[in-house]
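Engineer: Sharing a structure here in structure tokens format.
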Amino acid sequence: MTRESFDLSGTSVLLIDDNIHMRSILRSVMAGFGIRQVFEAVDGADGLEAAVERVPDLVLIDWKMTPLGGADFLRILRGESESVLNTMPVVVISAYCSKATIVEAARLGIHGFVAKPFAPAVLYKRITSVLVRQQLHGRSRGVSGLRSPDRRHGKPVAETPAPAVSEEPKDAFALL
């Protein structure tokens with residue numbers, strides 16, 4: 001899918017990063033993609049509050065932050081009872097991109113992972129693929145998680161079992 005064929009102007013994004021400069025860069029990149037509604041949070045706790053209040057279409061989050069990082073944010077978000085929250089698309093953007101980190105993030109329910117430093121084209125491709133996947137297949141609790149009821153057809157989508165904690169995604173680096 002080309003950049004010109006995907007209109008992101010109606011998409012809202014929550015940026016969660018403890019580095020003010022990275023948030024500024026991401027905000028500029030989002031504007032370049034045509035995204036007009038961008039919210040910011042300084043850590044996972046602030047991000048959870050913003051996610052509940054703003055209900056963005058997509059969350060971009062750093063992995064390592066204090067006091068609440070990406071892993072804790074995902075554990076709490078995926079544990080929410082409301083499906084609009086527990087199926088909120090989350091893409092991790094982090095310099096911590098070892099296989100172990102990516103596997104842990106996938107187990108916790110991410111929809112994608114982008115390594116820092118990132119190229120805007122790579123981030124754009126990841127964002128659009130997450131949003132297109134959601135349009136085609138409905139919302140889910142991550143790339144290997146439970147699906148939410150699909151309201152497009154009026155019927156719930158069959159739930160797939162959550163992966164066991166010891167399972168690795170088929171290709172952890174496909175999330176990059």
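The values are calculated or read from the model by the stated rules, or taken from the named source; none is laboratory data. Bear in mind that the values here come from a model prediction, so they are computed numbers and not experimental data. Cβ atoms come from the backbone with ideal geometry, glycine included; neighbour counts cover every protein chain shown.
Engineer: Residue pairs, Cβ under 9 Å, 6 or more apart or interchain, first in the range 1-12 and over 14 Å from LEU58 (Cβ atoms), second at pLDDT 50 or above and of a type in the set (Val, Ile, Thr). List them.
Structural biologist: MET1/THR128; MET1/VAL132; ARG3/THR128
Engineer: Among (1) under 10 Å from the mean Cα position of the chain (by Cα); (2) in a loop (DSSP other than H, G, I, E, B), which single condition is VAL92 missing?
Structural biologist: (2)
Engineer: Sticking with this structure for a sec: Restrict the check to the range 4-20 and report whether at least one residue is among the acidic types (Asp, Glu), more than 21 Å from SER140 (Cα to Cα), in contact with an Asp or Glu (Cβ under 9 Å, 6 or more places away or on another chain) and crowded, with 20+ Cβ neighbours inside 10 Å.
Structural biologist: Yes, the range 4-20 contains a residue that is among the acidic types (Asp, Glu), more than 21 Å from SER140 (Cα to Cα), in contact with an Asp or Glu (Cβ under 9 Å, 6 or more places away or on another chain) and crowded, with 20+ Cβ neighbours inside 10 Å.
Engineer: Inside the range 58-86, can you point out the residues that are closer than 22 Å to THR128 by Cα and crowded, with 19+ Cβ neighbours inside 10 Å?
Structural biologist: LEU58, VAL59, LEU60, ILE61, ASP62, TRP63, GLY70, LEU74, LEU77, ARG78, ASN86
Engineer: Within the range 41-61, how many residues turn out to be in contact with a Ser or Thr (Cβ under 9 Å, 6 or more places away or on another chain) and under 22 Å from SER9 (Cβ atoms)?
Structural biologist: Summing the residues that are in contact with a Ser or Thr (Cβ under 9 Å, 6 or more places away or on another chain) and under 22 Å from SER9 (Cβ atoms) in the range 41-61 gives 5.
Engineer: Would you mind finding the one in VAL90, VAL42 that is among the β-branched types (Val, Ile, Thr) and out of contact with any Asp or Glu (no Cβ under 6 Å at 6 or more places or on another chain)?
Structural biologist: One residue alone meets the criteria, VAL90.
Engineer: In this structure, is VAL29 in contact (Cβ under 8 Å) with a residue 40 or more places away in the chain, among the β-branched types (Val, Ile, Thr) and part of a helix (DSSP H, G or I)?
Structural biologist: Judged against the criteria, VAL29 is a match.
Engineer: Out of all the residues in the range 118-134, which are among the basic types (Lys, Arg) and either within 17 Å of PRO56 (Cα to Cα) or not in a helix (DSSP H, G or I) (or both)?
Structural biologist: ARG126, ARG133
Engineer: Does ARG23 meet the test of being surrounded by 13 or more Cβ atoms within 10 Å (Cβ to Cβ) and out of contact with any Asp or Glu (no Cβ under 6 Å at 6 or more places or on another chain)?
Structural biologist: When the stated conditions are applied, ARG23 does not pass them.
Engineer: Out of the residues in the range 58-115 that are in contact with a helix residue (DSSP H, G or I) (Cβ under 8 Å, 6 or more places away or on another chain) and among the charged types (D, E, K, R), which is farthest from ASN19 (Cα to Cα)?
Structural biologist: Out of the qualifying residues, it is GLU80.
Engineer: Let me ask something additional. Please verify whether ARG54 is of a type in the set (Lys, Arg), out of contact with any His (no Cβ under 7 Å at 6 or more places or on another chain), under 14 Å from ILE93 (Cα atoms) and free of Cβ contacts under 8 Å to residues at least 60 places away in the same chain, treating the condition exactly as stated.
Structural biologist: Against the criterion (of a type in the set (Lys, Arg), out of contact with any His (no Cβ under 7 Å at 6 or more places or on another chain), under 14 Å from ILE93 (Cα atoms) and free of Cβ contacts under 8 Å to residues at least 60 places away in the same chain), ARG54 does not qualify.
Engineer: Could you tell me which of the residues ALA100, ALA51, ALA45 is in a helix (DSSP H, G or I) and closer than 22 Å to ARG139 by Cα?
Structural biologist: Testing whether each residue is in a helix (DSSP H, G or I) and closer than 22 Å to ARG139 by Cα leaves just ALA51.
Engineer: A further question on this structure: Suppose the filter is at pLDDT 95 or above, within 15 Å of LEU26 (Cβ to Cβ) and either surrounded by 15 or more Cβ atoms within 10 Å (Cβ to Cβ) or out of contact with any helix residue (DSSP H, G or I) (no Cβ under 7 Å at 6 or more places or on another chain) (or both); does ALA45 pass it?
Structural biologist: Details: at pLDDT 95 or above: yes; within 15 Å of LEU26 (Cβ to Cβ): no; either surrounded by 15 or more Cβ atoms within 10 Å (Cβ to Cβ) or out of contact with any helix residue (DSSP H, G or I) (no Cβ under 7 Å at 6 or more places or on another chain) (or both): yes.
For ALA45, the condition - at pLDDT 95 or above, within 15 Å of LEU26 (Cβ to Cβ) and either surrounded by 15 or more Cβ atoms within 10 Å (Cβ to Cβ) or out of contact with any helix residue (DSSP H, G or I) (no Cβ under 7 Å at 6 or more places or on another chain) (or both) - is not met.
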